[in-house]
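So the structure is just underneath, and the comments pick up after that.
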Amino acid sequence: MINTAKAHDGWGWYVCAWVLFSRNPGMWIALALIYMVMILVLAMGVPFIGGVVTSLVSPALLGGMMFAAREVELGRKLELSCLFKAFTDDTKTAPMIILGAITLGMWMVISMAMAFFFVGIFFDVFSESGFDPKNIDPELLLQMVSSVPFFIGTFVILSLWMVGVMATFYSPALVMLRGMDPFAALITSFKAALKNWLPLLLVFFSISTALFIVAALPFFLGLILFFPIYFVATYCSYRTVFQ
C-alpha cells in the first residue's frame, strides 16, 4: 500500500533524520564517508568498467544505508557492517545487483536519448561553423534554442530524467527492507513518487537542493553532515509512504 504524505512531511523527513542521526552521529558520518569513498574508488579506480561496476553496486550500498536507518529506529546498534548488509545476506545480493543492472540500462537509454536529441538539434549550428566552436553563429544558435522543437525536446528529455529519478528513489529500500522484486520495486517507486509529488518532488527535493548548496559553500566540508542526514531522510520518507 502506498500512502499519501502531506506537504509538510517534506521538511518533517529531515526532522526525523536529525533525530536518528543524533543517536550516533560519528558512526553515521563514517558510514557515509565509506559509501562515498567506495563509489569514487570504483568509478575512477577501475579501468574501463568503473562506471558499470559503480552502477551495479550502488543500489546495494544504498540499501545498506536504509537497513542501517531502520536498525537505529528500532533501537539496535549501528555498525559499519550495516552498509554491506546486501552483500552478507544471500537473499539480498542477487536482487540488488539485478536492480543495479536494470537501473544502469534505464539510465543508458535516457542518456542516449539526451545525446541524440542535443546532437540532432545542434547539428545544423555546428555544420554551418565547419564544426569549429569559434565560428558558431550566435544568432543561429539563439534561433535554435528558442525554437518550438527545442522546447518540446527539452521537456521530453527532462521528463525522462525525472521518471528515472522517481523509479530509483525508493527502489533500494523496497528491495532491501521489503524483499520486493527489483523490477516491481522500480515501478512501485515511480508510483509512490508520482502519488507524493508535492511533499517529495517539490518540497523534499527543493530542501535537499538548498541544504546541499549551503553545505558545499565552506569548502564542501558541510557535505560530511549533509550526505548521512540525506540518506536517513530518504529512509524517513520511505517509512511514511510505505508503512
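Nothing in this text is a laboratory measurement; each read-out follows from the coordinates by a stated rule. Please read all numbers here as calculations on a predicted model, not as lab measurements. Cβ placement follows ideal geometry from the backbone for every residue including glycine, while neighbour counts extend to all protein chains displayed.
Between 221, 29, 211, the Cα set farthest toward the positive side of the dipole of segment 9-242 (charges on each charged residue's Cβ, about the Cα centre) is that of 29. A Gaussian network model of the chain, with springs between Cα atoms under 10 Å, assigns the largest mean-square fluctuation among 96, 38, 166 to 38.
Calculated mean residue ellipticity, 222 nm, the chain: -25500 deg cm²/dmol, from DSSP H runs (n ≥ 4) at -39500 (n - 2.57) each, averaged per residue and rounded to 500.
Neighbours of residue 166, meaning other residues whose beta-carbon lies under 15 angstrom from its beta-carbon, give a summed charge of +2 when Lys and Arg score +1 and Asp and Glu score -1. Label sites at residue 81 and residue 41, each approximated as a point 7 angstrom past Cα along Cα to Cβ, lie 2.0 nm apart.
Between 0 and 90 degrees, the angle of helix 223-242 with respect to the longest Cα principal axis of the chain falls at about 80 degrees.
Choose one answer from 210, 69, 60: the residue with the largest mean-square fluctuation in a GNM of the chain with alpha-carbon springs under 10 Å. Fluctuation is largest for 210.
For a 4.7 Å threshold on C-beta separation, the list of partnerless cysteines in the chain reads 82.
Considering only 82, 108, 196, the residue lying farthest towards the positive end of the dipole of the chain is 82, judged by Cα position with unit charges set on Cβ. Summarising the label geometry, the points placed 7 Å from Cα in the beta-carbon direction at residue 194 and residue 216 lie 3.0 nm from one another. For the chain, the relative contact order comes to 34 percent (Cα pairs under 8 Å, sequence separation of at least 6).
The orientation-averaged shadow of the Cα convex hull for the chain, equal to a quarter of the hull surface, comes to 15.6 nm². Computed about the Cα centre, the dipole magnitude for segment 9-242 is approximately 940 debye when only Lys and Arg (+1) and Asp and Glu (-1) carry charge, each at its Cβ.
With bins 5 Å wide beginning at 0, the percent of Cα pairs of segment 1-115 falling in each bin runs 2, 11, 15, 18, 18, 16, 13, 5, 2, 0.
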